[in-house]
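The block underneath contains the structure these notes are about, expressed in structure tokens.
A short reminder: the numbers here are calculations on the coordinates, not readings from a lab. All values reported here derive from a predicted model rather than from experimental measurement. Ideal geometry is used to build each Cβ from the backbone, glycine not excepted, and the neighbour counts take in all protein chains shown.
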Amino acid sequence: MNLLLILLSVVLVNNFVLSRFLGICPFLGVSKKVETATGMSLAVTFVMGLASVMTWLVNTFVLIPLDIEYMQTIAFILVIAGLVQFVEMVIKKTSPTLYQALGVYLPLITTNCAVLGVAILNIQSNFNLIETLVNGVGGGLSFTLAIVLFAGVRERLETSPVPKALEGFPVAMIAASLFSIAFLGFQGLIK
Amino acid sequence: MNLVNIVWPVLSLGGLAIFFGIVLAYASKKFAVEVNPKTAEVRDALPSANCGGCGFAGCDAFADAVVNGKAAINGCPVGGAALAVKLGEIMGVSADAAEKHVARVICCGDSNNANEKYEYQGITDCKAAEALAGGSKSCRYGCTGLGTCVKACPFDAIHVVNGVAVVDEEKCTACKKCIAVCPKNIIELVPISKEVRVLCKNQEKGKAVMESCKVGCIACQKCVKACKFDAIVFENNLARIDYSKCVNCMMCAEACPTKTIYANFANRKKAFVVDDKCIGCTICSKNCNFEAIEGELKGKHKVLEDKCVGCGRCYEKCPKDAIEMR
């Protein structure tokens, strides 16, 4: 029940992109087509889940015993960057098709603040390993939900008569903010 | 100040970093994927703009495609001809096979020439207009002129002029993005040196074409007769130029009663005989399809300017390089 609550909370109530405003860069950058958005979010979900577990392990077994939790941010960045590189190599070797599909997006994730965000939030919320995993994957799902829906909206915007001054990015920003307001409606869902 | 406060973070983070470094170094050996050395060479030569103008997902994918023979060496619109030569060297292909191509819109039914079926007030997008009975123009093969191709062009090389899209051939890089989005399929890629073009895609019979557009191909076949090089193919009530045979003589454009075949007559060249080099072999006059070269055997030849159409056949055939095209 507790796990379900965490999942629901991270996907809807505290959506990473739309409520916590993490990972805005890929949210705006890679959301022009539903297809590429799906590819990106798949990769993000995968890395978020993996990174959550890895950072939790590093935090519990390295940082806490040595009493240097204040090094959290830099240590996590190190872990995430190394992890993404490693995952990319493994995928390239073992599954060329998956590598083709995720391709460009994998290295991009290294600099995605949502991944770092989920790692730090896990620690702040005092989650255990299982909860961390659920929160990590849930974070990825929340990113998926936001970016895929938004890509759908942007595909429609392409063919809509938008005022000249607002064409392209400006109107995408407006759409994103309306999206965010809509997700505010979930705030009361979980107390 | 406690020294341990500094030592532990440095040691632990440094240790982590070294650990990851070792793991990554090991992984890069263990999971190394053999790459075709040519791919790396091609990749290095590319401009790394990752613009996708070639139709592939970035420069890496394009380099792969070139090496595997799936993309032409002149496929990169950013690098242009210079890059094509370089890639040609790497791939061992001669680059002169790579003449610059440009997109051309095969329609000249602008608002003065083509009739309107109804007044279109929907969104400014050709695909949307196409869904409403094939667009507002009475010719269902013609350019809707709403500029979906203009939006697709990353090089600002296509513009709607008087209701018909026109390509700026200097800016065009043959990236094919306009071709992909045009719902009418009337944009084609052609070699830039081929000046003459049939600007109509209407496959209806002559009468139907005339009712909808003043400049449509009415299938009179006068161009077929006018062409002395068999370069005009007639199919589906429509003339089509076989560019492997066309020599830019522009005779078809002269003969076309509706001016559907367009040629820039200002660019028409004339042949001139250089008297010093001419030996009077008569090869040129025998090869001229237009009887535009006179002169006896052993005498100097002369080009009749009003008959010469600049097809360049004599220029190619002259064994002494005594003919110039100007």
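What's the average, rounded to a whole number, of partner chain beta-carbon atoms within 10 Å of each residue's beta-carbon in B:29-37? Walk me through the numbers before you get to the answer.
On the way: counts 1, 3, 8, 3, 5, 0, 0, 0, 0.
Averaged over the peptide's residues, the number is 2.
Which helices, taking whole DSSP H runs in chain B, have alpha carbons extending 27 angstrom or more along the helix axis plus mean Kyte-Doolittle at least 0.5?
B:3-30
Got the relative contact order for chain B handy, in percent, Cα pairs under 8 Å and 6 or more residues apart?
RCO, chain B: 11 percent.
Between 0 and 90 degrees, rounded to the nearest ten: what's the tilt of helix A:129-158 against the longest Cα principal axis of chain A?
Helix A:129-158 sits at roughly 10 degrees to that axis.
Send over the Kirkwood Rh of the protein assembly as shown, from the inverse of the averaged 1/r over different Cα pairs, rounded to one decimal Å.
Values: mean 1/r = 0.0351 Å⁻¹.
Averaging 1/r across every pair of different Cα atoms and inverting gives 28.5 Å.
Among B:123, B:18, B:192, which one moves the most in a GNM of chain B with springs linking Cα atoms closer than 10 Å?
So, out of B:123, B:18, B:192, the one fluctuating most is B:18.
Which residue, B:56, B:19, B:290, has the most motion in a Gaussian network model of chain B that connects Cα atoms within less than 10 Å?
In the Gaussian network model the winner is B:19.
Counting other Cβ atoms within 10 Å, which trypsin sites (Lys or Arg not before Pro) in the stretch B:211-247 have at most 14 and lie in a DSSP loop?
Loop-located and lightly packed - B:245.
Of the GluC sites (Glu not before Pro) in the stretch B:258-326, which ones lie in a loop per DSSP and count no more than 16 other C-beta atoms within 10 Å?
In loop regions of the stretch B:258-326 (DSSP not H, G, I, E or B), the sparsely surrounded GluC sites (Glu not before Pro) are B:291, B:296, B:305.
So, in Å, what gap is there between the alpha-carbon centers of the stretch B:250-289 and the stretch A:34-50?
First find each Cα centre; the distance between them is then 62 Å.
Ignore the peptide's own chain and count Cβ atoms of other chains within 10 Å of each Cβ in A:124-133; give me the average, rounded.
Rounded to a whole number, the mean comes out at 0.
Is it possible to state the helix-based mean residue ellipticity at 222 nm for chain B, with each DSSP H run of 4+ residues giving -39500 (n - 2.57), the sum divided by total residues, to the nearest 500 deg cm²/dmol? What is it? Present the calculation step by step, with values, prior to reporting the outcome.
Details: 12 runs with 102 residues, N = 326.
Rounded to the nearest 500, the figure is -8500 deg cm²/dmol.
Helix-only mean residue ellipticity at 222 nm, chain A, DSSP H runs n ≥ 4 weighted -39,500 (n - 2.57), per residue, nearest 500. What is it?
Mean residue ellipticity at 222 nm (helix-derived): -22500 deg cm²/dmol.
Could you rank the peptides A:38-51, B:146-159, A:66-79 by their average count of other C-beta atoms within 10 Å per residue, with the highest value first?
Highest mean packing first, the order is A:38-51, B:146-159, A:66-79.
May I ask you to derive the relative contact order of the stretch B:81-151, considering only C-alpha pairs under 8 Å and at least 6 residues apart, and to give it as an integer percent? Please report the intermediate quantities before stating the final value.
Working: 56 pairs, mean separation 17.2, N = 71.
Relative contact order, the stretch B:81-151: 24 percent.
For the stretch A:16-156, what is the relative contact order in percent, using Cα pairs closer than 8 Å and at least 6 residues apart in sequence?
49
Given Cβ point charges of +1 (Lys, Arg) and -1 (Asp, Glu) and nothing else, what value in debye, to the nearest 20, does the dipole of the protein assembly as shown about its Cα centre take?
1260
Any idea what angle helix A:169-184 forms with the longest principal axis of chain A, computed on alpha-carbon atoms, 0 to 90 degrees, nearest 10?
Around 60 degrees separate the two axes.
Which of the peptides B:59-65, A:113-119 is most tightly packed, and how do the rest follow, judged by the mean count of other Cβ atoms within 10 Å per residue?
So the order, starting with the most tightly packed, is A:113-119, B:59-65.
Please give the average number of partner chain Cβ atoms lying within 10 Å of the Cβ of each residue in B:11-21, rounded to a whole number.
Mean number of neighbouring Cβ atoms from other chains: 4.
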